[in-house]
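See below for the structure under consideration.
The values are calculated or read from the model by the stated rules, or taken from the named source; none is laboratory data. Being a predicted model, the structure only gives us computed values, none of them experimental. In this analysis, Cβ positions are derived from the backbone assuming ideal geometry, glycine residues included, and neighbour counts consider all displayed protein chains. To get the accessible areas, we keep the full protein, side chains included, count just its heavy atoms, and leave off ligands, DNA and RNA. Shrake-Rupley method; radii C 1.70, N 1.55, O 1.52, S 1.80 Å.
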Amino acid sequence: LPFVLPVGLLLLLAVGTDFRRLFYLLFALLPFSAEFYFEGVGLGTDIPSEPVMILLSGIAIVLLLRNRLSMDRNYVTNPVMILILLHVFWIFVTAINSQNLLVSFKFLLAKIWYILPFFILPLIFSKEVGDLEKSYRILYKFLFASISIVLVRHAFEGFTFEASYDVVRPFFRNHVNYAAICVVCLPFVWAFHRINVLEKKPSFGLNVVFLVFVTGIYFSFTRAAILSMVIAWGAWFIIKRRWVRQALIISSIVAAAGIIFLSWDNKYMDFAPDFEKTITHTEFDNLLEATYKLEDISSMERVYRWMAGVEMIRDKFWLGFGPGCFYSNYQAYSISSFKTYVSNNPDQSGIHNYFLMTWVEQGFIGFILFLMLCFALLIEGEATYHRCTDKRDGYLIMATTLGFIIIFAMCLINDLIETDKVGPFFFFNAAILLFYRKKYPDDQKSSPKLR
């Protein structure tokens with residue numbers, strides 16, 4: 001505590017001369033921020049990242065007011081900007097109608113202090129690519145240090161699956177959050193490596209960094225993160241071939257067909273787990289085997305909550321239960337046949353599917369708005385990549401778009417956009433995309449072949 005005052009004064013002095021220093025500092029802090037809960041008031045935050053986000057949100061508001069709430073027309077008219085604003089507006093509407101007004105308005109405020117510093121603020125001050133690129137260059141270096149610490153600690157535990165939960169603390173809530181930020185940053189490490197090769201700069205260091213990132217992701221033993229790396233490779237191929245729209249249509253049809261199949265004559269009941277066999281596994285290979293046999297407790301607990309979510313949707317289809325209100329309401333809608341040993345949910349965790357959670361909490365309109373935003377980000381990413389005439393920019397645009405793919409893949413079985421290890425990059429990547437969209441408008445000539 002005695003060091004807080006002088007450090008705070010130095011920080012204020014640095015920010016007073018250039019607020020961008022605080023913005024870049026935030027990317028150095030994110031890999032090392034830790035969750036902190038204020039006992040008795042029901043409030044939790046991430047220290048020191050969220051206080052800095054709130055301060056940067058205030059700076060963004062001041063800049064907007066100084067500019068009379070005006071921004072570049074290319075940004076304001078972009079479908080991504082429009083959908084993000086509609087997304088926030090609908091959260092406000094559903095918060096008013098919420099089962100718990102306090103929780104929902106806290107959710108809304110948290111959403112705003114993610115969007116203002118990571119989406120709006122970069123679009124206000126960024127004049128060139130380097131202003132945005134610098135953020136990820138800072139992030140990967142400090143994240144590399146964080147991964148190295150975790151790997152060393154894990155090595156002393158023999159790289160066991162069971163130890164992967166503890167060695168990531170206190171900087172990461174669990175191994176999923178740790179793996180998520182690593183895999184979201186990975187495409188940019190690849191992009192910086194390709195840029196070094198393009199510019200004939202030494203790339204050995206980035207090769208080492210890339211290897212450490214992949215090693216960290218693998219030894220996190222997080223199935224979604226490992227799978228998302230494979231999905232990102234396939235997405236890279238799809239984007240290169242201009243197949244994003246077709247892929248989205250096919251994915252939507254498959255998802256709809258799956259829902260209809262499981263709903264028809266209550267077919268989903270055939271997949272109810274055996275309570276006695278659905279247990280925790282302490283070895284990763286056993287976990288993978290148990291996953292496809294429907295005997296893994298974490299997978300089947302997800303299904304238990306998904307089934308409760310479906311019942312909740314039936315009850316409040318249009319407006320939902322209110323942002324942040326899944327946990328306090330889902331037990332009354334759960335189906336006992338899908339119950340597991342951890343269904344009492346001592347961690348008070350969510351539904352573990354961000355898309356389903358959006359529907360449960362924000363209703364059908366909220367779900368459609370978020371889905372449209374996801375589609376718009378991918379379609380805009382592909383279009384911007386193919387309008388790009390600079391290979392260097394092409395690598396960064398591809399990394400940005402792959403970052404979205406990875407986040408969406410992770411969110412199929414996790415709730416991550418409201419965490420400081422993933423949420424910032426969802427909105428910051430959207431800002432990067434809009435910046436490049438302005439640089440390469442619709443009348444831009446087609447790009448040369450980008451490797």
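Here are the numbers for this structure:
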| quantity | calculated |
| --- | --- |
| Crossing angle, helix 223-240 versus the chain [Cα axis fit, 0-90 degrees, rounded to tens] | 50 |
| Furthest towards positive pole of dipole, Leu86, Tyr341, Ser220, structure part the chain, Cβ charges | Leu86 |
| Over 14 Å [Cα-Cα, the range 96-155], rounded percent | 73 |
| In Hz, Karplus ³J(HN,Hα) per residue of the range 304-321 (6.51, -1.76, 1.60; θ = phi - 60°; x = Gly, Pro) | 4, 6, 4, 5, 5, x, 4, 5, 5, 4, 4, 7, 10, 5, 8, 10, x, 8 |
| Val129/Glu162 FRET efficiency (R0 45 Å; Cβ-Cβ; nearest 0.05) | 0.55 |
| Computed E for Glu418/Lys200 - FRET, C-beta separation, R0 60 angstrom, nearest 0.05 | 0.90 |
| Student exercise, the range 1-135 dipole from Lys, Arg, Asp, Glu Cβ charges, in Debye to nearest 20 | 420 |
| The chain: angle of helix 391-411 to the longest principal axis, Cα-based, in degrees nearest 10 | 20 |
| Residue-level accessible surface for Arg242, protein heavy atoms, 1.4 Å, Å² | 120 |
| Charged-residue dipole, Cβ positions (Lys, Arg, Asp, Glu), the chain about Cα centre, Debye nearest 20 | 1980 |
| Relative contact order (percent, whole number), the chain, Cα cutoff 8 Å, 6+ residue spacing | 21 |
| 3J(HN,Hα) from dihedral phi, the range 197-204, Karplus parametrisation 6.51/-1.76/1.60, rounded to Hz, x for glycine, proline | 5, 4, 8, 6, 9, x, 10, 4 |
| Of Lys127/Lys391; Lys141/Lys421; Lys106/Lys438; Lys106/Lys127, those spanning more than 27 Å from alpha-carbon to alpha-carbon | Lys106/Lys438; Lys106/Lys127 |
| Angle in degrees between helix 20-29 and the longest Cα principal axis of the chain, rounded to the nearest 10 | 40 |
| Solvent-accessible area per residue, Å², over the chain with all protein chains present [probe radius 1.4 Å] | 48 |
| Longest exposed-site-free window of the chain, the sites being GluC sites (Glu not before Pro) in a DSSP loop that have at most 10 other C-beta atoms within 10 Å | 277-451 |
| Listed values [x] 22.0, 67; [y] 28.5, 94; [z] 35.0, 140, entry calculated as Rg and Dmax of the Cα atoms in Å | [x] |
| Ile253/Phe364 FRET efficiency (R0 25 Å; Cβ-Cβ; nearest 0.05) | 0.85 |
| Per-residue SASA entry for Met398, accessible area with 1.4 Å probe, Å² rounded to 10 | 0 |
| Within the range 26-69, backbone nitrogen closer than 18 Å to the virtual label 7 Å beyond the Cα of Leu85 toward Cβ | 60-69 |
| Where N is the number of residues in the range 289-371, Cα Rg divided by 2.2 N^0.38 Å | 1.09 |
| Apportionment of accessible area to carbon and sulfur, the range 124-167, percent (1.4 Å) | 61 |
| P(r) histogram, all alpha-carbon pairs of the range 71-183 included - 10 Å bins from 0, percent | 11, 26, 26, 25, 10, 1 |
| Per-residue SASA entry for His352, accessible area with 1.4 Å probe, Å² rounded to 10 | 40 |
